[in-house]
1. Can you confirm whether E14 is within 15 Å of the chain's Cα centre (by Cα), modelled with pLDDT of 95 or more, open to solvent by 20 Å² or more (accessible area, probe 1.4 Å) and more than 30 Å from L145 (Cα to Cα)?
2. State which residue is nearest to G86 (Cα to Cα) when the search covers only the stretch 104-147 and only residues that are among the polar types (S, T, N, Q) and surrounded by fewer than 17 Cβ atoms within 10 Å (Cβ to Cβ).
3. I'd like to verify a number: residues in the stretch 18-62 that are over 21 Å from I114 (Cβ atoms) and not in a helix (DSSP H, G or I), how many?
4. Consider L73 carefully, then state whether it is farther than 25 Å from S135 by Cα and touching a residue at least 12 places away in the same chain (Cβ under 8 Å).
5. Give A110, A61, A93, A118 a once-over and let me know the one that is under 19 Å from E12 (Cβ atoms) and either acidic (D, E) or at pLDDT 95 or above (or both).
6. If I ask for residues that are under 28 Å from G36 (Cβ atoms) and either polar (S, T, N, Q) or assigned to a strand (DSSP E or B) (or both), which ones from the stretch 66-113 would you list?
7. Just name the residue that is nearest to the chain's Cα centre (by Cα) out of those in the stretch 55-100 that are open to solvent by 20 Å² or more (accessible area, probe 1.4 Å) and β-branched (V, I, T).
8. Go through the stretch 17-54 residue by residue and tally those that are within 13 Å of the chain's Cα centre (by Cα), under 20 Å from L73 (Cβ atoms) and in contact (Cβ under 8 Å) with a residue 40 or more places away in the chain.
Amino acid sequence: MLDSSIDDIRREFETNFYGPLLVSRAFAPIIERNGGGHVLNAHSVLSWLGNGGSYSASKAALWSQTNSLRLELHGRGIAVTGLHMGYVDTDMAAGVDAPKVSAAEVARLAVEGIRAGAHEVLADDISRQVKAGLSADLTALYPQLAG
């Protein structure tokens, strides 16, 4: 956060926060006129962890935005689901040596979650583990802060 250029941080927020907001603002009236529907926001497990610097901050802001939109759009017949995931087996994560969930599995879980009316979909084990740990002491998520 301190060493990245402000322009780079702004680009991440433009992409990860303002982009989804502008899409939601553009489509909400159309979805409402069509009798209701659904918005799916793609989050990251890093929306709950600060390990990704400004990327994490922008995804945390998207998580909060998703919760706010869910409340705003509920009365308009539009449901909002947050899709959380760690590494997905795509070209973007090709160089990462860590467990990855398949894109097909993420898509399947997202559709299943939408059909079930889920507020959040946790698409992999790491997302489920981190979400479960949010109520713990911060040192559980950030062991380097202990002692």
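1. Working: within 15 Å of the chain's Cα centre (by Cα): yes; modelled with pLDDT of 95 or more: yes; open to solvent by 20 Å² or more (accessible area, probe 1.4 Å): yes; more than 30 Å from L145 (Cα to Cα): yes.
Spelling it out, E14 is indeed within 15 Å of the chain's Cα centre (by Cα), modelled with pLDDT of 95 or more, open to solvent by 20 Å² or more (accessible area, probe 1.4 Å) and more than 30 Å from L145 (Cα to Cα).
2. We begin by selecting, within the stretch 104-147, every residue among the polar types (S, T, N, Q); these are 127, 129, 135, 139, 144.
In the following step, the residues that additionally are surrounded by fewer than 17 Cβ atoms within 10 Å (Cβ to Cβ) were identified as 129, 135, 139, 144.
On the way: Q129: 11, S135: 19, T139: 20, Q144: 21 Å.
Among them, the one singled out is Q129.
3. Residues flagged as over 21 Å from I114 (Cβ atoms) and not in a helix (DSSP H, G or I) within the stretch 18-62 amount to 3.
4. Values: farther than 25 Å from S135 by Cα: yes; touching a residue at least 12 places away in the same chain (Cβ under 8 Å): yes.
So L73 fits the description; yes.
5. Details: A110 fails: under 19 Å from E12 (Cβ atoms); A93 fails: either acidic (D, E) or at pLDDT 95 or above (or both); A118 fails: under 19 Å from E12 (Cβ atoms).
Every option except A61 fails the conditions.
6. If we filter the stretch 66-113 for residues that are under 28 Å from G36 (Cβ atoms), which is where we start, we get 66-85, 103-113.
T66, N67, S68, I78, A79, V80, T81, G82, L83, H84, listed by residue number.
7. Applying the filter and picking the extreme gives V88.
8. 8
The values are calculated or read from the model by the stated rules, or taken from the named source; none is laboratory data. None of these values were measured; they are calculated from a predicted model. All Cβ positions, glycine included, derive from the backbone under ideal geometry; neighbour counts span all protein chains shown. These area figures cover heavy atoms from the full protein model, side chains too; ligands, DNA and RNA do not enter into them. Shrake-Rupley method; radii C 1.70, N 1.55, O 1.52, S 1.80 Å.
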